[in-house]
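Structure, as structure tokens:
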Amino acid sequence: MGSSMTKQQRADVRWALSDAFVDNEVDYAAIARRTREFDRDEVKRILFEEVAPVCHSNLESTLPTIWLCFNREELEDDIEKMLKTKNKSWLKRKLKKLIATWLTHRYQYIWAELETHYQDQLAP
């Protein structure tokens, strides 16, 4: 497992991880299958620093608007905009780091589920 990803692979990982934030039954096994070839630390970082900041509000709302899947193109655009904004300001970088820390604690169950499925897929 290498930690470097192409732009397309990174987009594919983001897309897979966004499934954890829909208002529907989450297929963690499918997400794990789609992301297992990549470095787990990088996948975890992408989950909490790139995908969760953009997608978490769907789970936080009383009536989530996204129940089946996010729009792939919009998801990628929103994440890229967030990352560019973050890189322009020291204050925004610190704020985004604080938010990522909160999201890591708030949605730890997502990573725990994925880890379980990664382990299941390794078992003979």
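Taking every residue in the range 71-95 that is closer than 17 Å to Asn58 by Cα and pairing it with any residue that is aromatic (Phe, Trp, Tyr) and open to solvent by less than 80 Å² (accessible area, probe 1.4 Å), at least 6 positions away or on another chain, the pairs with Cβ-Cβ distances below 6 Å are Arg72/Trp15.
Residue count for the range 97-110 under the criterion of being part of a helix (DSSP H, G or I) and either of a type in the set (Ser, Thr, Tyr) or open to solvent by 60 Å² or more (accessible area, probe 1.4 Å) (or both): the result is 9.
Do you know which of the residues in the range 1-43 that are open to solvent by 70 Å² or more (accessible area, probe 1.4 Å) and in contact (Cβ under 8 Å) with a residue 24 or more places away in the chain is farthest from Asp120 (Cα to Cα)?
Ranking the qualifying residues of the range 1-43, first place goes to Asp23.
The condition (being acidic (Asp, Glu), closer than 24 Å to Ala11 by Cβ and surrounded by 12 or more Cβ atoms within 10 Å (Cβ to Cβ)) is satisfied by just one residue among Glu74, Glu113: Glu113.
The values are calculated or read from the model by the stated rules, or taken from the named source; none is laboratory data. Note that the coordinates shown come from a computational prediction; the quantities given were computed from them, not determined experimentally. Quick reminder, even Gly has a Cβ in these numbers, built from the backbone with ideal geometry, and neighbours come from all protein chains shown. These accessible areas exclude ligands, DNA and RNA; they are computed on the full protein's heavy atoms, side chains included. Shrake-Rupley method; radii C 1.70, N 1.55, O 1.52, S 1.80 Å.
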